[in-house]
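Below is one structure; the comments refer to it alone.
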Amino acid sequence: MKFTTLISAAILGFSTAVLALPAVIDLDDGVKLVPRVPTMKVRRSARKTNPKISAVSADGFAAESTNTSHVEYSTNWAGAVLIGSGYKTVTATIVVPTPHRPSGGSTTTQYAASAWVGIDGDTCQTSILQTGVDFYVQGSTVSFDAWYEWYPDYAYTFSNFAISAGDSITMTATATSTSSGSVTIKNNTKGKTVTHSFSGQSAHLCETNAEFIVEDFEENGSLVPFANFGTVTFTGAKVTTTSGATVGVSGASILDIKQNNVVLTNCGTSGSSTVTCSYV
């Protein structure tokens with residue numbers, strides 16, 4: 001257990017961005033309406049992951065649950081975090097959920113959530129190497145895209161990589177040094193794989209955190225309205241260290257999202273390789 005003071009996430013200067021077009025599905029009839037045609041290396045609309053922001057209690061300290069599961073609360077991250085050293089590769093597989101607007105939500109508001117794996121961003125907040133899938137819902141329309149990011153830069157979409165609800169997606173992030181690495185997303189259902197490599201990054205990794213996260217991410221300087229993502233289960237969740245050892249998620253720190261004193265997620269681990277997060 002640990003207490004951390006409120007983290008003030010520094011927002012970098014805004015750069016002109018182009019929004020990639022995701023695949024769009026109408027929930028009423030399941031028909032694909034618009035093909036996804038984003039351009040690789042085109043910055044999305046100022047979409048980025050922040051490091052973990054601890055939910056803060058009235059006394060100014062990070063809020064933690066008092067139950068036996070030892071959950072810590074964050075305003076933006078839910079899931080499991082391993083804290084150690086020498087983390088090189090993190091990988092897991094999810095089944096893409098169908099997002100819904102939260103109870104009482106507006107049919108005209110776009111809600112979103114993201115599932116990703118990554119290295120650093122919890123106790124080490126100088127950089128994050130990560131890759132994942134975003135889920136969007138507006139009215140009866142849902143959309144998805146896959147992305148990669150080396151924080152503090154913004155996220156970038158992968159081009160020509162179709163995703164549908166129910167697809168099995170394997171996400172892998174690998175650090176080859178503190179300033180270089182690669183990410184891979186494989187759509188096991190559609191048989192498509194995309195990869196991006198990084199080198200010479202000025203923000204260096206610590207290689208001390210490995211994450212399996214459902215996130216309320218940021219667009220244009222603010223957290224997006226958080227979607228009801230149902231349940232996301234990370235299977236085959238494991239980490240490889242620089243010494244060649246393989247580490248599972250047993251003993252990982254558990255995070256749940258808490259906003260305006262309301263807990264929005266329920267996460268936990270089972271066995272050595274499964275992390276499950278549900279919207280509540």
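Computed from the coordinates by the stated procedures, all read-outs in this text should not be read as laboratory data. Note that the coordinates shown come from a computational prediction; the quantities given were computed from them, not determined experimentally.
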In square nanometres, what is one fourth of the surface area of the convex hull spanned by the alpha carbons of segment 158-268? 9.3
If one puts a single equal scatterer on every Cα of segment 23-279 and applies the Debye formula without solvent, what log₁₀ I(q)/I(0) results at q = 0.15, 0.17 Å⁻¹? -1.04, -1.36
So how much slack lies between Ser159 and Ser270, counting 0.36 nm per residue of separation and subtracting their Cα-Cα distance, in nm? 36.5 nm
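Between Asn261 and Ser168, what is 0.36 nm times their sequence separation minus the Cα-Cα distance? Round to one decimal in nm. The partial results should precede the final answer.
Values: separation 93, 0.36 × 93 = 33.48 nm, distance 3.35 nm.
Extra length from Asn261 to Ser168 when fully extended: 30.1 nm.
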Taking only C-alpha pairs under 8 Å that are 6+ residues apart, what is the relative contact order of segment 23-279 in percent? 28
Karplus 3J(HN,Hα) series, Hz, for segment 270-280 with 6.51 cos²θ - 1.76 cosθ + 1.60 (x for Gly, Pro): 9, x, 9, 9, 10, 10, 10, 10, 10, 7, 10
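Counting every Cα pair in segment 57-201, what percent are over 21 Å apart?
52
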Whole-Hz ³J(HN,Hα) from phi, Karplus 6.51 cos²θ - 1.76 cosθ + 1.60, for segment 228-240, glycine and proline x: 6, 8, x, 9, 10, 10, 8, 10, x, 6, 7, 10, 9
Any chance you could run the full-extension gain for Thr208 through Ser250? It's 0.36 nm times the residue separation minus the Cα-Cα distance, nm to one decimal. 13.5 nm
³J(HN,Hα) computed for each position of segment 134-142 - Karplus, 6.51 cos²θ - 1.76 cosθ + 1.60, integer Hz, glycine/proline x: 9, 10, 10, 9, 9, x, 9, 10, 10
Please give the Cα centre distance for segment 124-165 versus segment 204-265, rounded to the nearest Å. 14
